[in-house]
Amino acid sequence: MDAHEARRILADRDDPESPVDLPPSVLPKLTVDDLPDGGAIQVGTLKKGVMHLDWNGTLSRDGDEIFGEADHTWTRKYWYSPLGLEQYLDLVRRAVETRHRGARDVELTDYDDDGAYVALRFRINTAEKNLGKAYEAIRKITDEVEEAAQQAADEVGQRIAEVAARLSGWGSETLDALVDAVETTGSADDKGRTELVRQVRQERICRVPRQAGEPEQQMHSGASHLMEWLQRHSDKGDAARQPGGNSRYSDDG
């Protein structure tokens, strides 16, 4: 999509209340003047007729300013983080309120818990006039606001993995040590071992990676899969040590 087509889509939008979908690549070619006052943009890429959001939120115009609104609307049914949904969003809310008292570039706009869903939205202000630069600034502020909650979720997941490892007979090793154990084991029966190690190490680096628009069941999946692999490995070792156990496990793990 080029800038001319993006401007046409923005000008000809059918429903003023609904955001327009634009790819991130076209944003640097647009300015605040290209966005109708009161209009909104969702950033994402259309793939096989389905919009894959780059970020859960919208870009909007208020006078001659561009602002973003982050949207955390999650359902308890599809929330699989070790840190509960209420606790996670409560940390985000507290971070927004604290930053609002200081930098004043964010503001809580909505918080609602109806039992099945929890919705939290907050506004992010920027002085940028170019949509591309504004989007980068908004994403950066959003990441800073959510950092504490992401870190808390990561720490809870790590602690649960370590306790599960100890209960499964793997002692008090840290999650990193368990990853090393999986990576260096001589077992060849699990061809997904290399990918498992890569996934866990990636989550340890990035903390809670998730794709925009996807439910939170992806959070900390690597640690869970690690424990499943270790449990299978332990079960096979136990079987080899039992009378009549399959001896092939005694050699390759």
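Only the coordinates and a few stated rules stand behind these numbers; no lab work does. Every value quoted in this text rests on a predicted model; they were computed, and no experiment measured them. Neighbour counts run over all protein chains shown; Cβ positions are idealised from the backbone, glycine included.
Key figures for this structure:
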| item | result |
| --- | --- |
| Amide H within-cut-off set for residue 66, under 5 Å, with H built and near neighbours excluded | 126 |
| Computed E for residue 65/residue 159 - FRET, C-beta separation, R0 35 angstrom, nearest 0.05 | 0.25 |
| Those trypsin sites (Lys or Arg not before Pro) in segment 21-84 that DSSP places in a loop and that have at most 13 other beta carbons within 10 Å | 48 |
| Table column - 3J(HN,Hα) (Hz), segment 148-164, Karplus curve with 6.51, -1.76, 1.60, x for Gly and Pro | 5, 5, 4, 5, 4, 4, 5, 5, 5, x, 5, 5, 4, 4, 5, 5, 4 |
| Computed lengthening from residue 166 to residue 25, 0.36 nm per intervening residue step minus Cα-Cα distance | 46.0 nm |
